[in-house]
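Bear in mind that the values in this text are calculations on the coordinates, not laboratory data. Keep in mind that this is a model prediction, so the values were computed, not measured. Quick reminder, even Gly has a Cβ in these numbers, built from the backbone with ideal geometry, and neighbours come from all protein chains shown.
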Amino acid sequence: MKTVSMSGSLRENVGKKDARKTRLEGKVPCVLYGGSEQLHFSIPEKDFKNIIFTPEVCFIDLNVDGKEFKASLKDVQYHPVTDNIYHVDFLEIIEGKTITMNIPLVITGNSTGVLRGGKLIRKLRRIKVKGFPHLIPDNITLDITDLDIGGSIKVSSLTSDGIEFLDSKNIELVAVKMARGVEETPAEEGKK
């Protein structure tokens, strides 16, 4: 999986006033969880564009005042009016310990159902997985070439070595539905 480097500086004070002052300086208050203790720091807001505003998922090499941490993005909070990044939570990755992440779904191929006039419906863009960090893939690829009208791909049909899919097994990831105005051909009627 791709790794992005980020550096921040420790926050001396923790609280609303300090967080507001940090935001006015163009920085985002951040917290690193998962280690022996929580670490409060700040990172310039412009540094987040490469990890938040992208469909890809990545690990982050954090450098906070000379200390190195390997982490993943856990949660991002946005300002309700301006949509600026308000607060970011990171989860420290510890070797030998499993992590949970949302991995993007990538669709490949041309569905036979869509070529016959059906409509492709994408239900999820990401899927939640659990596993050791070195086993988590960059994405999960769905080949929809054989998907006909009325067909779907569910979570239960996914397989990957060393990772567990945490979403319900009955959830449809993609489906091809009958579009309005599409009629069944006589050959299809004979198959029924």
Net dipole in debye of the range 100-182 [+1 Lys, Arg Cβ; -1 Asp, Glu Cβ; about Cα centre; nearest 20] = 480 debye
Once the dipole of the range 100-182 is set up with Lys and Arg at +1 and Asp and Glu at -1 on Cβ about the Cα centre, which of 121, 141, 107 lies farthest towards its positive end?
-> 121
Give the dimensionless ratio obtained when the Cα radius of gyration of the chain is divided by 2.2 N^0.38 Å.
-> 1.35
Hey, what's the Kirkwood Rh for the range 100-182 if you take every pair of different alpha carbons, in angstrom?
-> 13.4 Å
What dipole magnitude, in Debye to the nearest 20, does the range 3-94 give about its Cα centre under +1 on Lys/Arg Cβ and -1 on Asp/Glu Cβ?
-> 340 debye
Output the pairs from 67/130; 130/154; 17/97; 74/128; 27/130; 16/128 with a Cα-Cα distance over 24 Å in this structure; if there are none, say none.
-> 67/130; 17/97; 27/130; 16/128
Computed FRET value (nearest 0.05) for residue 152 with residue 102, which takes r as the C-beta separation and R₀ as 25 Å = 0.75
Cα convex hull of the range 1-105 - mean projected area over all directions, nm² = 7.3 nm²
When the chain is modelled as a GNM with alpha-carbon springs shorter than 10 Å, which of 31, 129, 106 fluctuates the most?
-> 106
